[in-house]
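The values are calculated or read from the model by the stated rules, or taken from the named source; none is laboratory data. Not measured: the values here are computed from a predicted model. FYI the Cβ positions are ideal-geometry reconstructions off the backbone, even for glycines, and counts take in every protein chain you see.
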Amino acid sequence: MSSSHPPHGAPAAQGTPNTLIHAAAALGVALTEHDALRLLQLLEELARWNRRFNLTAITDRADMVTHHLLDSLAVHRFLHGARIADVGTGAGFPGLPLALANPERRFTLIDSNGKKIRFVSHAAHELGLVNVEAVQARVESLRPDAPFDTVLARAFAALPALIGAVAPLCGPHTRILALKGKWPKAELDALPPLWQAETIPLTVPGLDADRCLIVLSAPHSSGHR
């Protein structure tokens, strides 16, 4: 279980707990001070591991707060159901911050990169996230016992390839959330018939870049399992 004491080396200037709490509130996420400290601890662990392994190209602390923590929390209000899959999770984003903010939901974080999944497992243990399962696998090879309610994907694949890759995780009521930069018109135009797609602009505090969320709903007649 996580300690109630502030994490070692918690950033003192940028990314203070209060700053993070206020930024998260703008995204509809209510964090306690302890939650904020654990999220900052996640960045400390990521920076420490990144000195040995190539887990992220983002190393500036302020950028880590915006690009990893807040960018992840920006999709919090669009989560659906109790079982969430994060495909191509990398070093655990958006899955780890969302799991911390949603302890009542269960998150399965999937990536084929062993070093990154070992970090995800380590970070989940350090933060006391008992609602996180880290799985090293290619998502196409997985056959879960039941469909996930929500499938998350950030920088995983173009939309047509994404829906093909995650099909084994989906049922007729699964919601697929694809985090994108600029509006991906060409990808949307290439979606198979009957798929419903809603494009939602996202504003991430402190992030001066285009962000949008594509919410995909499978046609009920698709036969996805």
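The number of residues in the range 13-36 that are at pLDDT below 95 and among the charged types (D, E, K, R) comes to 0. All conditions in (1) within 27 Å of VAL132 (Cα to Cα); (2) outside any loop (DSSP other than H, G, I, E, B) hold for GLU187, with the sole exception of (1). Just a yes or no: is a residue in the range 156-177 touching an Asp or Glu at 6+ places or on another chain (Cβ under 8 Å), touching a residue at least 60 places away in the same chain (Cβ under 8 Å), under 19 Å from ASN50 (Cβ atoms) and surrounded by fewer than 24 Cβ atoms within 10 Å (Cβ to Cβ)? Checking the range 156-177: not a single residue is touching an Asp or Glu at 6+ places or on another chain (Cβ under 8 Å), touching a residue at least 60 places away in the same chain (Cβ under 8 Å), under 19 Å from ASN50 (Cβ atoms) and surrounded by fewer than 24 Cβ atoms within 10 Å (Cβ to Cβ). Only one entry in ALA134, ALA101, ALA124, ALA91 is buried (at least 16 other Cβ atoms within 10 Å of the Cβ) and touching a Phe, Trp or Tyr at 6+ places or on another chain (Cβ under 6 Å), namely ALA91. Of all residues in the range 30-44, those satisfying the criterion of being surrounded by fewer than 22 Cβ atoms within 10 Å (Cβ to Cβ) and either of a type in the set (Ser, Thr, Tyr) or touching an Asp or Glu at 6+ places or on another chain (Cβ under 9 Å) (or both) are THR32, GLN41.
The residue that is surrounded by the most Cβ atoms within 10 Å (Cβ to Cβ), among those in the range 202-225 that are modelled with pLDDT under 90 and among the polar types (S, T, N, Q), is SER222. If you go through the range 126-156 and pick out every residue that is out of contact with any strand residue (DSSP E or B) (no Cβ under 9 Å at 6 or more places or on another chain) and of a type outside the set (A, V, I, L, M), you end up with 6. Filtered by the rule that a residue be closer than 15 Å to ALA218 by Cβ and in a loop (DSSP other than H, G, I, E, B), the range 163-184 gives VAL166, CYS170, GLY171, PRO172, HIS173, THR174.
Examine the range 179-188 for a residue that is among the hydrophobic types (A, V, I, L, M, F, W, C), under 18 Å from THR89 (Cβ atoms), touching a Phe, Trp or Tyr at 6+ places or on another chain (Cβ under 6 Å) and buried (at least 17 other Cβ atoms within 10 Å of the Cβ), and state whether such a residue exists.
Step one: filter the range 179-188 for residues among the hydrophobic types (A, V, I, L, M, F, W, C), giving 179, 183, 186, 188.
Cutting the leftovers down to under 18 Å from THR89 (Cβ atoms) gives us 179.
Still in the running and touching a Phe, Trp or Tyr at 6+ places or on another chain (Cβ under 6 Å): none.
No; the residues of the range 179-188 include none that is among the hydrophobic types (A, V, I, L, M, F, W, C), under 18 Å from THR89 (Cβ atoms), touching a Phe, Trp or Tyr at 6+ places or on another chain (Cβ under 6 Å) and buried (at least 17 other Cβ atoms within 10 Å of the Cβ).
Could you identify the single residue in ASP71, ASP35, ASP86 that is acidic (Asp, Glu), in contact (Cβ under 8 Å) with a residue 60 or more places away in the chain, touching a strand residue (DSSP E or B) at 6+ places or on another chain (Cβ under 9 Å) and more than 13 Å from PRO205 (Cβ to Cβ)?
Details: ASP71 fails: more than 13 Å from PRO205 (Cβ to Cβ); ASP35 fails: touching a strand residue (DSSP E or B) at 6+ places or on another chain (Cβ under 9 Å).
The unique qualifying residue is ASP86.
Any chance the range 191-201 includes a residue that's of a type outside the set (S, T, N, Q) and buried (at least 20 other Cβ atoms within 10 Å of the Cβ)? Checked against the condition, which is being of a type outside the set (S, T, N, Q) and buried (at least 20 other Cβ atoms within 10 Å of the Cβ), the range 191-201 yields no hits at all. For the range 39-46, indicate whether the set of residues that are assigned to a strand (DSSP E or B) and modelled with pLDDT of 95 or more is non-empty. The answer is no, given that none of the residues of the range 39-46 is assigned to a strand (DSSP E or B) and modelled with pLDDT of 95 or more. Listed by first and then second residue, the pairs linking a residue in the range 130-150 that is at pLDDT below 95 to a residue that is hydrophobic (A, V, I, L, M, F, W, C), with Cβ atoms under 8 Å apart and 6 or more places separating them unless they lie on different chains, are GLU140/ALA165.
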